[in-house]
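Enquirer: Provided herewith is a single structure, encoded as structure tokens, for subsequent inquiry.
No value in this document is a laboratory result; all are computed from the given coordinates. Because the structure is predicted, anything quoted here is derived from the model rather than measured. Cβ atoms come from the backbone with ideal geometry, glycine included; neighbour counts cover every protein chain shown.
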Amino acid sequence: MNAVLSYYENQLDNLWAMISAPSWSNFFWLFLALSAFVWTLELMRPWRKGQAVLRKDFWLDTWYMFFNVFLFGAAGFYGISSLVKSHLSSVFPYLNAFHATLSQLSPWLLLVIIFVVRDFIQWNIHRLLHASDFLWQFHKVHHSVEQMGYAAHLRYHFAENIIYGVLEYIPLALLGFDLIDFMAAGVFATAVGHLNHANFYLPLGPLQYIFNSPQMHIWHHAKQLPEGVKSVNYGLTLSVWDWLFGTSYMPHDGRDIELGFDNVESYPTGFFSQMLAPFKKRG
Ligand SMILES: [Zn+2]
Ligand SMILES: [Zn+2]
């Protein structure tokens, strides 16, 4: 318990250190700038013109963003990465040699490799969140979004931080990647994730077969899909996996489709009630 407390104290100190020293190399301010940029795109050229600027659940999602990224999330895993890495390297000594080989590659190539491998792992985890009834109860929080905007990107149950963290970190660490290595890839993924949820029209042309987009991801949130189709477009940053494995679906741009799931109207609407929802008995 003490270890957890001191870890969190440390986390809060780190957060405060970032907030109090604005700079481009600091994730807090970089994240804020990215969010402001995507929000500006939404404000200047909204795709759904009738949607209010402060759409349904705007503040709820803003809180989720802060909570999942800075209080309980991505940033937390960077803290423990070196610890896990040193344990893994003592269990699997080949990792040191493998990592040494990787570090010979050009940093850009390494970044691209890490990014693609990680995105494929995340695509599989996302499929699992939909395939397993148990995990779906947690993932439902993300799908409870009824009006889409960039901040909806980070509305998700904190358990997803753990599920993704464990399931993606272990294979990546076994491959010899260091979490710090994909910090930069993470910034790019954050930007694309914001865009995918933004109220913004972004036709990608042929690039749609590589990258996800708001017009593709909105179908992932569709309330209604053709008979027998459970879900589609699982891609996070890249769309290529959905095209390759036959899970892509984009009959039209989907601007005005209904979002959510059956009975989304009766799903809890507050942060705490949504955190507790997966643990409630299903009726
Ligand atoms: Zn999903
Ligand atoms: Zn989404």
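Enquirer: Gaussian network model of the chain, Cα springs within a sub-10 Å range: biggest mean-square fluctuation belongs to which of Lys140, Lys49, Lys223?
Expert: Lys49
Enquirer: Still on this structure, please answer the following. On average over all directions, what projected area in square nanometres does the stretch 2-279 have, based on the convex hull of its Cα atoms?
Expert: Numbers: hull surface 64.9 nm².
Computed as one quarter of the Cα hull surface, the answer is 16.2 nm².
Enquirer: Once you've got the GNM for the chain with C-alpha springs shorter than 10 Å, pick whichever of Arg45, Arg155, Arg127 has the biggest mean-square fluctuation.
Expert: Arg45
Enquirer: Right, another one. For the stretch 86-153, count all C-alpha to C-alpha pairs, find those more than 20 Å apart, and express that count as a whole percent of the total.
Expert: On the way: 1329 of 2278 pairs.
For the stretch 86-153, the fraction of Cα-Cα distances above 20 Å is 58 percent.
Enquirer: Further, regarding this structure: Going down the list Lys230/Lys281; Lys140/Lys280; Lys56/Lys280; Lys140/Lys281, which pairs span over 18 Å between their C-alpha atoms?
Expert: Details: Lys230/Lys281 23 Å; Lys140/Lys280 13 Å; Lys56/Lys280 25 Å; Lys140/Lys281 15 Å.
Lys230/Lys281; Lys56/Lys280, as the Cα separations exceed 18 Å there.
Enquirer: A further question on this structure: If you average the sequence gap of Cα pairs under 8 Å that are 6 or more apart and divide by the length of the chain, what percent do you get for the contact order?
Expert: On the way: 316 pairs, mean separation 61.5, N = 283.
With pairs under 8 Å counted, the relative contact order is 22 percent.
Enquirer: When you take every Cα atom in the stretch 5-58, what is the radius of gyration, and what is Dmax, the widest Cα pair distance, in Å?
Expert: Looking at the stretch 5-58, its Cα Rg and Dmax stand at 16.0, 47 Å.
Enquirer: Then there is this: Helix-only mean residue ellipticity at 222 nm, the chain, DSSP H runs n ≥ 4 weighted -39,500 (n - 2.57), per residue, nearest 500. What is it? Numbers along the way, then the final one.
Expert: Values: 12 runs with 159 residues, N = 283.
For the chain, the value works out to -18000 deg cm²/dmol.
Enquirer: In addition: Indicate the helices, whole DSSP H runs only, in the chain that combine a mean Kyte-Doolittle hydropathy of -0.5 or more with a Cα extent along their long axis of 27 angstrom or more. Mind dumping the intermediate values first?
Expert: Details: long enough: 107-131 (36 Å, 1.11).
Helices meeting the span and hydropathy rule in the chain are 107-131.
Enquirer: If neighbour count is taken as other Cβ atoms inside 10 Å, put Val232, Val38 in order from fewest to most. Before the final figure, lay out the partial values.
Expert: On the way: Val232 19, Val38 24.
Result, fewest neighbours first: Val232, Val38.
Enquirer: Right, another one. Cut-off 10 angstrom, C-alpha nodes, Gaussian network model of the chain. Which of Leu202, Leu102, Leu236 fluctuates the most?
Expert: Top of the fluctuation ranking is Leu102.
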